[in-house]
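What follows is a short report on a single structure.
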Amino acid sequence: MTVSDYADTADTRVITTGRRAGRSAGAATGGPRESILSRTGAMIVMGVFTLYFLIPLWWLLVASTKSRGQLFSTNPLWFADPQFIENVTGLFSYRNGVYLKWLLNSVLYAGVGGVLATVIAAMCGYALAKYRFPGREAIFNTVLGGVLVPATALALPLFLLFSRIELTNTYWAVLLPSIVSPFGVYLARVFAEASVPDELIEASRLDGAGEIRTFFTVSIRLMMPALVTVFLFQFVSIWNNFFLPLIMLRSEELFPVTFGLYAWNSTINQFPELRTFVLVGSLLSVIPLIVTFLLLQRYWRTGLGTGALK
Amino acid sequence: MQHMRRAVTVALLTAGALVIAGCSASGGGDGGSSAGACEPAGEDVKLTFTSWIPGIEDAVAIWNEANPDIQVEVQTGPSGNAGTYQNFFNQLEAGNAPDLGQIEYDALPNFRVQDGLENLAACEDVVKAKDQFVDWTWSQATLGTDDEVYGIPQDSGPMALFYRSDLFEQNGIAVPTTWDEYKAAAEKIRALGGYITNFSQTDINQFAGFVWQAGGQWFANDGDEWKVELTSDESEKVADYWQDLIENDLVSTYPAWTDEWNNAYNSGEVWTWNSAVWGANSISSGAPDTSGKWSVAPGPQWEAGQSAAGNWGGSSIAVFKGTDHLYEAAKFALWLNTSDEALTSLNKTAAIYPATKAGLDLPALQQGVEFYGGQKIYEVFAEAASEVDPDFVWGPTMTQTYADVSDGFKAAVSGSGTLADALGKAQDSTVAALEAQSIPVAK
């Protein structure tokens, strides 16, 4: 129950902060006052869309508390004889708790991958913004081109490549491709240009700091809001990346949670008892994402806002 | 989830096309290993085996315990069409395919055409095992040839009629034994507000099972050329029959395996299901409120007095091209699918319905099932298993054929076009797909 409560409050908090942000932004611009009619209209549209996005989540929450029998025989949007704890216990004990392993794997892939991707993107973006060297724009444009290539299109060539060096079906197979974030490089460059003054770098050089030390002690702090944004984007996209694990991984112990749940779901026809586990598993797998968002949202919002103002 | 599956299919097809393109460009590389040798390695061997069946590890653990010199490591993933088949093709291309893999009968020809499988006929024990298997499952593995074996049959899906015995009895409706009676019963049931069954636009395998039962088949292969017969007389007869039921609103048309579908069965709105033996679990878990009210009867026939059964599903264990241990792999695959201990374990953990004749006599399959009012339902399926036409052949492009038929069926169910139109279109696109892959097609 605690978990569901938490997910619940998490949702409402996201919405309230969103609304507050919208209102204060409106007040700040000091534009003409909108008529009550158009305001009501806008509220209705927003309300409808909020419902549209929240109902599936609500359904998932309700469905996770039901037994397999109740799932089809009771009101899909309301509780019946909750047995959430039993479902969760069942999920965590099924096949020696492989689900927990998946969850930890996801945290590892997304957490470590996200941090490494952010550091690399920061260094790369910083270098592109602050140093002058031949081919700088060419490199930047190439990286920018990388933003346009979907990860799905790269999965198969990566598989053939990793097969050659015998790294398929290892943690590396998912981690290595995840530490590359062209969009992060782009964002880091834009932000470094705007927020790290050349004078500061000069000053730290005069104080005797090397380039690397300057970067890690001075510049990276100034770039922090942008880096949190990069981390969040990368964290979410690794967490949701499904095609790469599908192609690379064969051992159950290495699966991230998205792929593991997909594998279970694909055999529901023959093994219907997996349905409850897929539902509860999906609900629980959203929680780390929500937690990360809430913990980082303060930095993240300033990051986006600063980028937008420049 | 349907969208998800669709998206994955499309992505995988694209990926597959890339692999095939890459394959022909690189000239096949070192894929042409010498076939034929089936001899023991004479040293300790480690085999990898990919399957998506939950609990298959238990059976493999029994083997590993008893065979320290041939250790098998289980790898897993989503079900075949949901990604694992494409992974197999990728791995074959990359030269790191597992030694053994789970392959459903309808996908075997595809792997055969792409030259991804070892011919197990090189192994004496495999050839000798032929008589242990239900005839039609063995010919699924030989693809209709005499001297080739591309997998060891694991399970089968003989079809019969699940029906609500309580409702039929209460309303004085006789359980239909022919398709004509089935339609007559459908009209009576409709008058009572129910539906006799659900026609699923997505379960093309079920429809193929109906065609199989009617004596038709969708593909034929004379060794050189493929013949595509989606529009054969039998196939059209089955399509017209169901088209008639759909047009007269005598069947419901929920997409299968969805909540509405489960609910339709659970609430008593739908009274029967023509399904395979594994469907027994689907009903008991999808419609738990109806426990004790179901029975199983032989499927309706086209002519009174006939006894023909269709089949829906079933898979085999195949050995992939490039394995260094053909002998050991074949030995393990035979053990997994013929030994009592393995079959018992597979039946217990994954409700696998064995493909061997002896397997049908497993003690677990002789007992009455509570959900079916204590009826010994597996006797009906064992009978059906012996009535499945052994000559049915699958084509080498089933993923694409299923997708095409399914698209057409969805349109037909919502009122545009007919099931027969859908088969006609799928016929054309299947021929085109075969030709695009340079697979010879008989006109």
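Look at where the Cα atoms of region B:154-202 and of region B:319-354 average out, and the two centres are 36 Å apart. GNM remark for chain A: springs join alpha carbons under 10 Å apart, and the peak mean-square fluctuation among A:140, A:293, A:216 falls on A:216.
Axis angle, to the nearest 10 degrees, between helix B:84-94 and the longest C-alpha principal axis of chain B: 20 degrees.
For chain A, modelled as a Gaussian network with Cα springs under 10 Å, which listed residue fluctuates most, A:297, A:234, A:70? Greatest mean-square fluctuation among the candidates belongs to A:70. Beta bridges from DSSP with both residues in the protein assembly as shown: antiparallel share about 65 percent, rounded to the nearest 5. By other beta-carbon atoms within 10 Å, ranking B:147, B:407 with the fewest at the front produces B:147, B:407.
Subtracting the Cα-Cα distance of residue A:137 and residue A:55 from 0.36 nm times their residue separation leaves 24.9 nm of extension gain.
Charges were assigned to the Cβ only: +1 to each Lys and Arg, -1 to each Asp and Glu. The resulting dipole of chain B about its Cα centre is roughly 1000 debye. Counted by neighbouring Cβ atoms within 10 Å, the residues A:296, A:249, B:161 run from fewest to most as A:296, B:161, A:249. Of all lysines in the structure, those lying under 22 Å Cα to Cα from residue B:227, and not within fewer than 8 positions of it along the same chain, are B:237, B:425, B:443.
Whole Å is fine, so just give me how far the alpha carbon centre of region A:52-116 lies from that of region A:131-188. Measuring centre to centre over Cα atoms gives 33 Å.
Note on residue B:357: lysines with a C-alpha under 16 Å away, same-chain residues under 8 apart excluded, are B:128, B:130.
A simple spin-label model places pseudo-atoms 7 Å from Cα toward Cβ; at residue A:216 and residue B:376 they are separated by 7.6 nm. So for the protein assembly as shown, taking the charge dipole from beta-carbon charges (+1 Lys/Arg, -1 Asp/Glu), which of B:67, A:123, B:137 sits furthest toward the positive end? Highest projection toward the positive end goes to A:123. Here the Karplus relation 6.51 cos²θ - 1.76 cosθ + 1.60, evaluated at θ = phi - 60°, turns the backbone of region B:182-189 into coupling constants of 4, 5, 4, 5, 4, 5, 4, 5 Hz, with x for every Gly and Pro.
Of the residues A:183, A:259, A:49, the one that moves most in a GNM of chain A with alpha-carbon contacts below 10 Å is A:49. Residue order for A:66, B:348, fewest other beta carbons within 10 angstrom first, comes to B:348, A:66. Under 19 Å of direct C-alpha separation, and excluding same-chain neighbours fewer than eight residues apart, residue A:130 reaches these lysines: A:310. Take each residue in A:155-166, count the other chain C-beta atoms within 10 Å of its C-beta, and the mean is 4. In chain B, the longest principal axis of the Cα atoms and the axis of helix B:204-213 are about 80 degrees apart.
We did not get these values from a lab; they are worked out from the coordinates using the rules stated. Small disclaimer: the values here were computed from a predicted structure and weren't measured. When we count neighbours, we look across all protein chains shown, and the Cβ atoms used for this are built from the backbone with ideal geometry, even at glycine.
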